[in-house]
Amino acid sequence: MARTTVDQTKRVYLNLVGGKFAEQVAKGTPTAVERVNKNEKTVYEILCDRTSGHIKEMKIEKTDYGKSLIILMDDIGESYNISLPVESKFFDSFCAKIGNANLSEMVELRPYSFQDKDGKKIMGMNIFQNDKKLDYYFSKEDSKGKPFNPEGVRLDEEDYKVFKINERKFYCEFIGALKLNTQSPSQSS
């Protein structure tokens, strides 16, 4: 399922804005929406709820804005470069589920961002494969080395920051160890 009908010869760069994939385009592009970014610059973007394809590469890169997971995907002649900031719940959610994907097959990525009934912001990334939403790969019962907060322990702000640093460091190493074009770790064991 191709995301759009752009020039088939160029790579499409996608970021996440408000729980949607955003492709920056020229002013006047049909269906583009205007937004003022965090640098106070007006940008024009095409927003979409999902994208799909074969993951060709995943790597952690350092940028001017911190570390990002760069996901390179191909689908029906289109190439996507998807950037997920490591310091985001989108990254956490993607990493927590990608271990259940068969990386030799197509996946569909669907980011989400909404407020629950208590006003808490909920953000993340669902991954679908063969029309099935993938579950979390790591669990407290089978952590596979991932750090978890001990059951019933409430972390203060500083301890929570330390926990997230360790969890994201683990996820970066996990992504680096995944082999593309192979079965998921859960399918090969």
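What the table below lists for this structure:
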| quantity | calculated |
| --- | --- |
| Positions within region 58-87 being aromatic (Phe, Trp, Tyr) and either part of a strand (DSSP E or B) or more than 22 Å from Ser113 (Cβ to Cβ) (or both), in sequence order | Tyr80 |
| Residue match in region 168-185 (condition: over 21 Å from His54 (Cβ atoms), in a strand (DSSP E or B) and open to solvent by 60 Å² or more (accessible area, probe 1.4 Å)) | no |
| For Asp74: the one exception among (1) out of contact with any strand residue (DSSP E or B) (no Cβ under 6 Å at 6 or more places or on another chain); (2) under 20 Å from Lys10 (Cα atoms); (3) not small (Gly, Ala, Ser) | (1) |
| Output for region 75-111, where each listed residue is within 18 Å of Glu23 (Cβ to Cβ), surrounded by fewer than 19 Cβ atoms within 10 Å (Cβ to Cβ) and over 9 Å from the mean Cα position of the chain (by Cα) | Asp75, Ile76, Gly77, Ser79, Asn81, Glu108 |
| Filtered residues of region 171-185 (kept if at pLDDT below 60 and of a type in the set (Ser, Thr, Tyr)) | Thr182, Ser184 |
| Residue check, Phe90 over 16 Å from Lys56 (Cα atoms), assigned to a helix (DSSP H, G or I), at pLDDT 95 or above and touching a Lys or Arg at 6+ places or on another chain (Cβ under 7 Å) | no |
| Number of the exception - Thr42 against (1) in contact (Cβ under 8 Å) with a residue 60 or more places away in the chain; (2) farther than 19 Å from Lys169 by Cβ; (3) not small (Gly, Ala, Ser) | (1) |
| Only one of Thr63, Thr51 that is out of contact with any His (no Cβ under 8 Å at 6 or more places or on another chain), of a type in the set (Ser, Thr, Tyr) and exposed (fewer than 14 other Cβ atoms within 10 Å of the Cβ) | Thr63 |
| Positions within region 17-46 being under 20 Å from Ser88 (Cα atoms), at pLDDT 95 or above and of a type in the set (A, V, I, L, M, F, W, C), in sequence order | Phe21, Ala22 |
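Per-residue answers, yes or no, for (1) assigned to a strand (DSSP E or B); (2) open to solvent by 70 Å² or more (accessible area, probe 1.4 Å); (3) at positive phi:
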| residue | (1), (2), (3) |
| --- | --- |
| Phe21 | yes, no, no |
| Thr29 | no, no, no |
| Asn39 | no, yes, no |
| Lys56 | yes, yes, no |
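The values are calculated or read from the model by the stated rules, or taken from the named source; none is laboratory data. In this text the structure is predicted, and so the values were computed from the model without any measurement. With ideal geometry, Cβ positions are generated from the backbone for all residues, glycine too; neighbour counts draw on all protein chains shown. Protein only, heavy atoms only, side chains kept; ligands, DNA and RNA dropped before computing areas. Shrake-Rupley method; radii C 1.70, N 1.55, O 1.52, S 1.80 Å.
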